[in-house]
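Okay, structure first, notes after.
The values are calculated or read from the model by the stated rules, or taken from the named source; none is laboratory data. Quick caveat: nothing in here was measured; it's all calculated off a predicted structure. Don't worry about glycine lacking a Cβ; one is built from the backbone with ideal geometry, like all the others, and counts go over all protein chains shown. Ligands, DNA and RNA are stripped out before the accessible areas are found, and what is left, the full protein with its side chains, is counted by its heavy atoms. Shrake-Rupley method; radii C 1.70, N 1.55, O 1.52, S 1.80 Å.
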Amino acid sequence: MTRSGHPKQGPLADALAQLAATVEHLGYDEGMHQMLATARREMQVSVPLRRDDDSVVVYSGYRVQHNFSRGPAKGGLRFASNVDLDEIRALAMWMTWKCALVDVPYGGAKGGVAIEPRDHSNRELERVTRRYTSEISPIIGPEVDIPAPDIGTNEQTMAWMMDTYSALVGHTVQGVVTGKPVGLGGSRGRATATSRGAAHIAMLAMAAHGMQPEKSTAAVQGFGKVGRDAARFLSQSGVTVRAVSDVDGAVYSAAGLDIIHLGAHVDRTGSVAGFEGAEALDPADLITLDVDVLVPAAVEGVVTADNAANVRARIVIEGANGPTTKEADAILMERDVVVVPDILANAGGVIVSYFEWVQAHQAYQWSEREVNDRLEERLTAAWHDVIQYASAHGLTYRAAATAIAVRRVTEAHRQRGLYP
Ligand code: NAD
């Protein structure tokens, strides 16, 4: 811990270091720095669960609302055993910057429950989701804070949340969560939006740095909601995806993995491990593999001071939130490795979540083509904003993206003024 009570390592330390550098670049005073560094509202709840065998276990749950200056708070809900308040604080702050960068009218939030979903039946996960939703219901709502899926949660989790919140208020409220099943007011294209966005940004970054997809190779860490379709979209764009990993293992093929067949293998067995037509790889080696594009799409803090000097990719596309530690970021910058930051690379998800919320308000569903076209349009605009700012100010893409976002949030805050 530092004197201010903030951790020295971990996602919150990384997020606060990025903010401090941005505040310095923008020349803001200490009062504004504190406003931006501090969450507006934090809720910690107990989530008691009656297990299928009738025993009771109590989990910790969190919802952090970092900022509301530009609109209601928005951010995912994570189920993972190592979730803690500082991690959720960091993820909520990154959501504020992400929403501002891609210019959707939201602040940032994040939620989590410290539970390992793989150790629980579906019925138990339903009970945990409903109890957590009920506990945080006073501070969520379509005009207040709108959760979405993240690690360990999915569209079924969102359906349970919407149902629980609707039961509590006495009528159906589709706009309280996004990432719902399409039949319940979910948006077409939402399930693949984060991956589609990451692949789209990868194409823009490769073109800007003189790389051709057909002559390029990639490695993707994580084969969940983001990594799996990111690997598929990259492969469909002509990139040779040499390696992917998940929490249980990693697979490698110099000639390129068949992502569709790999997906079928994962549906059958639950993991990429053991996929025929590929060699087993030590998952730790994926980060430093000899590929052109590295897509960390699993968890935070995987590109670190220990491996950053050995990263061989020319471009890192941050599908996950916070995969690069602040120490690794400095090493990659020194080595001219291009890092496309999370708040841009994985923003496709929140953009289409915004479209889903708009559709809920309109009570009208858009076509998948309309969703995908509007997604690419917004991401392309944000990409150009970032590369122009980076080149005008001599900054990395992360520093430029954060500066654009922080400036927008600060402008909204100043226009609204400080109450009272
Ligand atoms: P998920 O739970 O669907 O998938 C996570 C994947 O990562 C799984 O394949 C899991 O096995 C793997 N994994 C976990 N720990 C790992 C490790 N140490 N090494 C390798 N693989 C590991 O989660 P997701 O929704 O795909 O989210 C992944 C990342 O993307 C997170 O950082 C999340 O915050 C971020 N993100 C998700 C979305 C979204 O729309 N789902 C949007 C923006 C950002």
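Observations
- Residue satisfying condition, being touching a Leu at 6+ places or on another chain (Cβ under 6 Å) and in a helix (DSSP H, G or I), within set ALA167, ALA159: ALA159
- Taken together, the residues in the stretch 367-405 that are among the hydrophobic types (A, V, I, L, M, F, W, C) and in contact with a His (Cβ under 9 Å, 6 or more places away or on another chain) amount to 7.
- Annotation note: Cβ proximity below 9 Å between a residue of the stretch 137-153 that is outside the structural domain of ARG63 (by TED's automatic domain parsing) and a residue that is of a type in the set (D, E, K, R) and open to solvent by less than 40 Å² (accessible area, probe 1.4 Å) (sequence gap 6+ or interchain) occurs for no pair.
- Residue within the stretch 117-124 that is under 20 Å from the mean Cα position of the chain (by Cα), open to solvent by less than 60 Å² (accessible area, probe 1.4 Å), modelled with pLDDT of 95 or more and more than 27 Å from ASP385 (Cα to Cα) present: yes
- Wholly enclosed strands (runs of 3 or more DSSP E) of the stretch 212-324 bearing at least 3 residues without any contact (Cβ under 8 Å) to a residue 60 or more places away in the chain and over 27 Å from ARG398 (Cβ atoms): 249-252, 279-281
- All told, GLU143 falls short of being among the charged types (D, E, K, R), surrounded by fewer than 24 Cβ atoms within 10 Å (Cβ to Cβ), assigned to a helix (DSSP H, G or I) and modelled with pLDDT of 95 or more.
Condition check ((1) within 23 Å of GLY227 (Cβ to Cβ); (2) of a type outside the set (Gly, Ala, Ser); (3) open to solvent by 60 Å² or more (accessible area, probe 1.4 Å)) across all residues:
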{"site": "TYR354", "(1), (2), (3)": "yes, yes, no"}
{"site": "HIS361", "(1), (2), (3)": "no, yes, yes"}
{"site": "GLU368", "(1), (2), (3)": "yes, yes, yes"}
{"site": "ARG378", "(1), (2), (3)": "yes, yes, yes"}
{"site": "ALA390", "(1), (2), (3)": "no, no, no"}
{"site": "THR396", "(1), (2), (3)": "no, yes, no"}
{"site": "ILE404", "(1), (2), (3)": "no, yes, no"}
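- Residues that are under 18 Å from SER195 (Cα atoms), open to solvent by 20 Å² or more (accessible area, probe 1.4 Å) and not hydrophobic (A, V, I, L, M, F, W, C) within the stretch 293-320 comprise just one, GLU300.
- Hey, ASP373 modelled with pLDDT of 95 or more and over 27 Å from GLU155 (Cα atoms) or not: no
- Test: ALA202 is of a type outside the set (D, E, K, R) and within 23 Å of the chain's Cα centre (by Cα): yes
- Test result for VAL350, within 14 Å of the ligand (Cβ to nearest atom), farther than 13 Å from GLY185 by Cβ and assigned to a helix (DSSP H, G or I): yes
- The residues in the stretch 277-321 that are more than 11 Å from the ligand (Cβ to nearest atom) and at pLDDT 95 or above can be counted, and the count is 28.
- Strands (runs of 3 or more DSSP E) contained in the stretch 37-110 and holding at least 1 residues surrounded by fewer than 16 Cβ atoms within 10 Å (Cβ to Cβ) and of a type in the set (Val, Ile, Thr): 56-67
- From ALA21, ALA39, residue being farther than 16 Å from ILE136 by Cβ and modelled with pLDDT of 95 or more: ALA21
- Selection from the stretch 172-208 of residues that are open to solvent by 50 Å² or more (accessible area, probe 1.4 Å) and in a loop (DSSP other than H, G, I, E, B): THR172, ARG188, ALA191
- Meets criteria (open to solvent by less than 10 Å² (accessible area, probe 1.4 Å) and either more than 12 Å from the ligand (Cβ to nearest atom) or under 18 Å from GLY349 (Cα atoms) (or both)) for TYR165: no
- Flag if ARG408 is more than 30 Å from GLY185 (Cα to Cα) and either open to solvent by 30 Å² or more (accessible area, probe 1.4 Å) or among the hydrophobic types (A, V, I, L, M, F, W, C) (or both): yes
- Applying a threshold of 6 Å to beta carbon distances and a minimum spacing of six or more residues, or different chains, the list of pairs starting in the stretch 356-368 at a residue that is in contact (Cβ under 8 Å) with a residue 60 or more places away in the chain and part of a helix (DSSP H, G or I) and ending at one that is among the hydroxyl-bearing types (Ser, Thr, Tyr) and buried (at least 18 other Cβ atoms within 10 Å of the Cβ) reads GLU356/THR178; GLU356/SER187; TRP357/THR178; GLN359/SER187.
- Considering (1) surrounded by fewer than 24 Cβ atoms within 10 Å (Cβ to Cβ); (2) assigned by TED's automatic domain parsing to the domain that holds GLY263; (3) away from the ligand (no atom under 14 Å from the Cβ), the lone condition that GLY224 does not fulfil carries the number (3).
- Residues that are more than 12 Å from GLY249 (Cα to Cα) and surrounded by fewer than 19 Cβ atoms within 10 Å (Cβ to Cβ) within the stretch 265-282 comprise ASP267, ARG268, THR269, GLU276, GLY277, listed in sequence order.
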